[in-house]
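The values are calculated or read from the model by the stated rules, or taken from the named source; none is laboratory data. Since this is a predicted model, take the numbers as computed values, not measurements. Counting neighbours? That spans all protein chains shown, and the Cβs are built from the backbone with ideal geometry, glycine included. Please note that ligands, DNA and RNA were not included when accessible areas were found on the heavy atoms of the full protein model with its side chains. Shrake-Rupley method; radii C 1.70, N 1.55, O 1.52, S 1.80 Å.
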Amino acid sequence: MNQIAAIAVNTFKETIRDRVLAVIVVFALIMIVGGLWLGSISLGEQGRMMKDFGLVAVTFFGLIVAVFVAAGLVHKEVEKRTVFVLFSKPVSRAAFITGKFIGLCGTMAAVLAGMGVFLFLLVWAVAGDASGMTLVAVLMIYVQLLAVMAVTIFFSTLGSAILASVLGICVYVAGQLSHNVLSLTRLGKNAVTEALSWVVYVIIPNFSAVDVKAGVVGEDTLAWGQVALWTGYLLAYVVVVLALAALVFRRKEF
Amino acid sequence: MTEPSALQIGGLRKTVHVGFRRRAVEILKGVDLRVAENDVFGLLGPNGAGKTTTVKVALGLMRPSAGTVELGVDGLSHVGYLPENPYFYDYLSGREFLGFCARLFGLDAGTRGDRVESLLRDVGLEAAAGTHLRKYSKGMLQRIGIAQALVNDPELVLLDEPMTGLDPIGRVEVKRIIESLHERGKTVLFNSHILSDVHELCTRIAIMREGRVIWTGSVDEALAEAPTLEDFFMQVVTA
């Protein structure tokens, strides 16, 4: 436990101090401020437009941080040979993967909290809308990104950092669309394609089920029971994917 | 009576598969090696002889294809290791890095703090303790690498090219550290190409070539056969 905590704290310090991360966050904040302009040209819908655009910016930049930082986490340690220092000490591969993931969770929480609070304050100051639902939407973005990070870490134990990043993004996009694909294949009434869609639906989590952006801006009604259920599924999914990553990483030689 | 072993390696073989066609390359071809407790043991050999691979297999960083490795100490908790050309975390300071390593061994906060400060003093990095490692020179990284290898007060210390990148003052300091480890009853195994250091520090040596140990004995035994260790080394590896 102590080792996992040590690796997590170390990962958090390393990633949060990385200048590239700071640049990404600054870009994200600029994008969120850019929502002011969109808000100003949408009559009577300023707050809604700002929230909508801001949450898309938070998702986009959060996703960039999730895939690129997660892909480099394990790979960088191997490439720069810091793993020699770690694994010559009584540190298990599973503790390493778990610690790395928890540390990155901390970094992602800090990044999203910063962006979320900034968006909340901006909407409140400009449009007078102080609904805490904006922050709930950011929390649900965090839940989705946890799964993306776990998947990207898993892919990074198999191949290069670039491949892991690309596959991480692919899984996110596929996860946003998987529910629609399943619905479409049901319409086709072909048992094989429907079964295949089900397999994909289980392997790639349904991110759209916990995406509450539309509900927060009033475009959709929110089914909180479903959101809670899918959140549980995503968290279980994270545990399984990390266990697989640890299994793969256990076979690695340095 | 033979002294207890700190490290015993028998018939160690390691084959790796390289390239697109997964061509098998045998790096270690049956290494036999015994390091007695409290030895300062020099593992010598030309580049590609298999010295680093032997150490990596001993530490579990690589799996052996055949053969045995027995650590005479109770697991990796009692082993310290400095890799060749070490590279550490860019955005941690020297103090934070050593604290991190100490935490991996489960040292409590009090012991950790004392140990880190004393090691920073020993390797002459007190003034740079708060500086991020990305700003360290090669010699400073080598020193912090030696410090992390000693953070758990190990019984067995494996140092891969510990003098690389060090200026003369740094080399003297590292020699002093190795001597002090020997005085305190620790076992040190180090790989080096600098034979004058080996002559000065080692009690016993082994010479490797092409994945095998081709000679092992004391420094005195080597010097009985040639005027200098360099001459003896050349004699053995070119035979």
Q: Taking only Cα atoms and a 10 Å spring cutoff, compute GNM fluctuations for chain B and point out the largest among B:Leu223, B:Leu98, B:Leu120.
A: B:Leu223
Q: State which helices in chain B qualify, where a helix is a whole DSSP H run, it must extend 15 Å or more along its own axis by its Cα atoms, and its mean Kyte-Doolittle hydropathy must be at least -1.0.
A: B:94-104, B:109-122, B:138-149, B:168-183
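Ignore the peptide's own chain and count Cβ atoms of other chains within 10 Å of each Cβ in B:127-140; give me the average, rounded. Write down the numbers at each step before the final one.
Details: counts 0, 0, 0, 0, 0, 1, 0, 0, 0, 0, 0, 0, 0, 0.
Partner Cβ neighbours, averaged per residue: 0.
Using a 10 Å cut-off on Cβ to Cβ distances, tally the other chain neighbours for every residue of A:9-19 and report the average as a whole number.
Numbers: counts 4, 10, 1, 0, 6, 5, 1, 1, 5, 2, 1.
The shielding value for this peptide is 3.
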Q. To the nearest 20 debye, what is the magnitude of the charge dipole of region B:74-154 about its Cα centre, counting +1 on the Cβ of each Lys and Arg and -1 on the Cβ of each Asp and Glu?
A. 300 debye
Q: Find how many whole Å separate the alpha carbon centroid of region B:4-50 from the alpha carbon centroid of region B:56-96.
A: 15 Å
Q) How far, in nm, would the chain grow between B:Thr2 and B:Asp114 when pulled straight, counting 0.36 nm per residue and subtracting the alpha carbon separation? A) 36.6 nm
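Want the number for B:Leu223 to B:Glu26: 0.36 nm per residue separation, take away the alpha-carbon distance, what's left?
67.7 nm
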**Q.** Radius 14 Å from Cβ of A:Ala95, net charge of other residues (Lys, Arg +1; Asp, Glu -1)
**A.** +4
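As an exercise, use a Förster radius of 45 Å and the Cβ-Cβ distance of B:Ser137 and A:Phe60 to find the FRET efficiency, rounded to the nearest 0.05. Please list the in-between numbers first.
Values: r = 40 Å, r/R0 = 0.89.
The formula returns an efficiency of 0.65 here.
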Q. What quantity of accessible surface, computed with a 1.4 Å probe and excluding non-protein components, is buried in total between chains B and A, in Å² to the nearest 100?
A. 2900 Å²
(Q) Roughly how far apart, in whole Å, are the Cα centres of region A:1-68 and region A:128-180? (A) 13 Å
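Which whole-number percent gives the relative contact order of region A:2-250, counting Cα pairs below 8 Å spaced six or more residues apart?
Numbers: 291 pairs, mean separation 60.3, N = 249.
Value for region A:2-250: 24 percent.
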(Q) Give the average, rounded to an integer, of partner chain Cβ atoms located within 10 angstrom of each Cβ in B:83-92. (A) 5
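Show me the ranking of peptides A:5-11, A:43-49 by mean Cβ neighbours inside 10 Å, starting with the highest.
With the highest mean Cβ count within 10 Å placed first, the list reads A:5-11, A:43-49.
For region B:87-218, what is the relative contact order in percent, using Cα pairs closer than 8 Å and at least 6 residues apart in sequence?
Details: 153 pairs, mean separation 27.1, N = 132.
After rounding, I find 21 percent.
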Q: Could you do me a favour and compute the accessible area per residue for region B:96-207, 1.4 Å probe, result in Å²?
A: 38 Å²
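For chain B, what % of the accessible area comes from carbon and sulfur atoms, probe 1.4 Å? Before the final figure, lay out the partial values.
On the way: 5140 of 10420 Å².
That share works out to 49 percent.
Between A:Leu235 and A:Met1, what FRET efficiency comes out of the Förster formula 1/(1 + (r/R0)^6) with R0 = 25 Å and r the beta carbon distance, rounded to 0.05? Before the final figure, lay out each step's value.
Details: r = 20 Å, r/R0 = 0.78.
Rounded to the nearest 0.05, the efficiency is 0.80.
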Q: Report B:Asp220's accessible area, 1.4 Å probe, all protein chains in place, as a number in Å² to the nearest 10.
A: 120 Å²
Q) Within the set A:Lys100/A:Lys213; A:Lys80/A:Lys252; A:Lys100/B:Lys135; A:Lys189/A:Lys213; A:Lys100/A:Lys252, which residue pairs have Cα atoms separated by over 21 Å? A) A:Lys100/A:Lys213; A:Lys100/B:Lys135; A:Lys189/A:Lys213
Q.
At 7 Å along Cα-to-Cβ for each site, give me the label-to-label distance between B:Arg176 and A:Ala94 in nm.
A. 4.5 nm
(Q) Taking 8 Å as the Cα distance limit and 6 or more residues as the minimum spacing, I'd like the relative contact order of region A:132-254 as a percentage. (A) 36 percent
(Q) Within region A:39-83, list the residues whose amide N lies under 15 Å from a label point set 7 Å along Cα→Cβ of B:Tyr91. (A) A:65-74, A:76-77
